[in-house]
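Single-structure report; data block below.
The values are calculated or read from the model by the stated rules, or taken from the named source; none is laboratory data. Since we're looking at a predicted model, the values are computed, not measured. Note: ideal-geometry Cβ built from the backbone for every residue, glycine included; neighbour counts use all protein chains shown.
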Amino acid sequence: MIGKLLIANRGEIAVRIARTCRRLGIAAVAVHSDADAGAMHVAACDEAVRIGPAPATESYLRADAILEAARATGAEAVHPGYGFLSENAAFAEAVGAAGLIWVGPPPAAIRAMGLKDAAKARMQAAGVPVVPGYHGSEQDPRFLAGAAEEIGYPLLIKARAGGGGKGMRRVDDPADFEEALAGAASEARASFGDGAVLIEKYVSAPRHIEVQVFADMHGNCVHLFERDCSLQRRHQKVIEEAPAPGMTPEMRAEMGAAAVRAAQAVGYVGAGTVEFIADSSRGLRPDAFFFMEMNTRLQVEHPVTECVTGTDLVEWQLRVAVGEPLPKTQGALSLNGWAVEARLYAEDAAHDFRPATGRLAHLALPGDVRVDAGVRAGDAVTPFYDPMIAKLIAHGPTREAAFARLAAALDRTEVAGCVTNAGFLARLVRHPTVAAGDVDTGLIGRDAARLCADPVPDAAAWALAAVAALGLDRPGDAGPFAARDGWRAWGAATAGLRLDHEAHAGEVRLTREGDRWRAETPMGAATVAAETGPDGATRARIGARTVAARAVRAGDGLTLFLDGRTHRFRIPDPLARGAEAGPGDDRVCAPMPGLVKAVLVEAGATVEAGARLAVIEAMKMEHALRAPRAGVVAAVAAAAGDQVEDGALIVALAPEAEA
Ligand code: ADP
């Protein structure tokens, strides 16, 4: 076995490989960029070497720096993980030339599968069904338009060097072909330095079903069954499961055999994935699946296969790399239950999945499913790398059980400090069509509006957020932020502050009622109580119900985890309140306790946005309260000379519809 392995990667996959190393007694060497000096994967390894600045092109993609790190640490082998240099045949060769073991397929196999057009031609020759289309070298737009006519619409233009869905265009109408071709080619040139494309028939009711294959150096090749990765967003995988719903034994045998043929046709060794697209318009049928491409590395979604086959594929990779035979024969492999994986990303589903960054002020990942994480609480998600936080993998005896466990695990996932797709994922795995196993690659797109809409916090959530923001959930400890909010003493009868949420913004007024707080919130009234222990866990009472909750404050953000939902509030700086009030605000309140120096408007007055309404003196300074929007003054609730509480109503504007 290998004594010391260098892991040429970062994040969750580097951590995951290190875990297997530890179990097998292999010393693991991490490499890291400056941005990752304190990263989880560095801590997970026995030693670490800095390889350059944050940008991947200057660190994780630098073959020379990685080989130098291997030499300096005496590593005998290099595992590339996925992404970065994992499918770079020249790097694989350089590793071998340096006298190191490459934990991956032979460079020639990587090259054979590197370009989609050449790979398809090779597969066709090997008797593997391929998607009908054109994958020749002629790239003249008129010729390609003619080929498209023959193939028929709808079709897909794909960059032959493509990956990650880049350089891919679906075309439904011949009139759009020319423009789509130009777009795909220029995107491909920009991303891969190669503008050549192939054209494929767009398979109807497409399902992405891929087969895990494994080959050793002794001519053995097996498949470890299939994974269904049909739940995709813009051709990117979101949820992966094994086995594939609706798979029949006949089709599984056909696909497995085709995948093994594909691997053998290119002299494959190690772990690989043969990706097929299946036409599910008439159910899964052995004559309706087609080769798309082969990924010559470990896949992100390999854990679902590990769960249902009871294997450690990284261990298999390491064994095969040193010349051991495959640990199991085809006949010894069987499927056990169902597994499903969700990719937890720092991204904002409600805003077209824009990637998010930030320091993870709080990170609680469920303990009763498999979690492959790349970050810990306190780590930052930076703009330099893939914004994946973790993969959650649930395994159960049935599909229903696995999905239920994953849904529950997503509900318990708590991330504060940056937006994540956890809510989106939880809604997706509970989607009735998904639950029925009726998946296809268009499902997410068809129901995006419902899947992406974040839940709106109700009055109780607003009330709890306000109680936490003011530190009222920590009796005996007014809270570290209390001073900033003008909170003075535990036991006072009223308190209030302004909170902003994506959906609404406004004042929350709290009034003590026995051992609870009655709250007037932008979503109505609620009566709540909350007690937070030293571990930050909150026991919240809402009506007759007691629930576990958590509120995490970081910067001006307050993240409330309640009932499996994440609500992100912002606590605007009280001193800047007048200026920051959003549209739709009807109440202009005192930003802090103080003396009303002047009220400058009367009921009925028409005011412009930003107009001075009143002046409050506090902390020896005068603060103007300004109109948050243009409107009509409905009421004036204070007069010059009044001493007012923090949050007291000073001027109310008439609701917009009436103004
Ligand atoms: P990339 O390498 O850029 O990821 P792939 O060829 O693997 O591109 O395709 C990505 C996804 O695009 C597939 O998982 C599938 O959802 C969709 N797709 C690819 N080819 C077809 C096709 N011929 N018909 C329908 N959908 C397809």
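Points worth noting:
- A single entry from 405, 376 fulfils the requirement of being at pLDDT 95 or above, surrounded by fewer than 20 Cβ atoms within 10 Å (Cβ to Cβ) and outside any strand (DSSP E or B): 376.
- Pairs meeting the criteria (first residue in region 225-240 and closer than 10 Å to residue 445 by Cα, second residue modelled with pLDDT under 95 and more than 10 Å from the ligand (Cβ to nearest atom), beta carbons under 7 Å, at least 6 apart or on different chains) are 233/353.
- Region 157-169, subset near the ligand (Cβ under 7 Å from one of its atoms) and touching a residue at least 40 places away in the same chain (Cβ under 8 Å), residue nearest to the chain's Cα centre (by Cα): 164
- 1 or more residues away from the ligand (no atom under 15 Å from the Cβ): qualifying strands (runs of 3 or more DSSP E) within region 186-270: 206-215, 221-233, 236-242
- Residue in region 139-146 that is outside the structural domain of residue 285 (by TED's automatic domain parsing) and within 15 Å of the ligand (Cβ to nearest atom) present: no
- Evaluating residue 154 against the criteria (1) surrounded by 14 or more Cβ atoms within 10 Å (Cβ to Cβ); (2) within 11 Å of the ligand (Cβ to nearest atom); (3) modelled with pLDDT of 95 or more leaves one unmet condition, (1).
- Looking only at residues in region 1-27 that are of a type in the set (Lys, Arg) and out of contact with any strand residue (DSSP E or B) (no Cβ under 8 Å at 6 or more places or on another chain), the one that is nearest to residue 375 (Cα to Cα) is 19.
- Only one entry in 342, 321, 356, 364 is more than 16 Å from the ligand (Cβ to nearest atom) and in contact with a Cys (Cβ under 8 Å, 6 or more places away or on another chain), namely 356.
- Any hit, region 204-213, residues being of a type outside the set (Val, Ile, Thr), surrounded by fewer than 18 Cβ atoms within 10 Å (Cβ to Cβ) and under 22 Å from residue 245 (Cα atoms): yes
- Out of 618, 609, 614, one residue alone is outside the structural domain of residue 469 (by TED's automatic domain parsing) and at pLDDT 90 or above. It is 614.
- Region 321-344, residues that are among the polar types (S, T, N, Q) and outside any loop (DSSP other than H, G, I, E, B): 330
- Selection within region 587-614 - under 16 Å from residue 629 (Cα atoms) and outside any loop (DSSP other than H, G, I, E, B): 587, 588, 589, 606, 607, 612, 613, 614
- Matching option when the condition is exposed (fewer than 14 other Cβ atoms within 10 Å of the Cβ) and at pLDDT below 90, among 624, 579: 579
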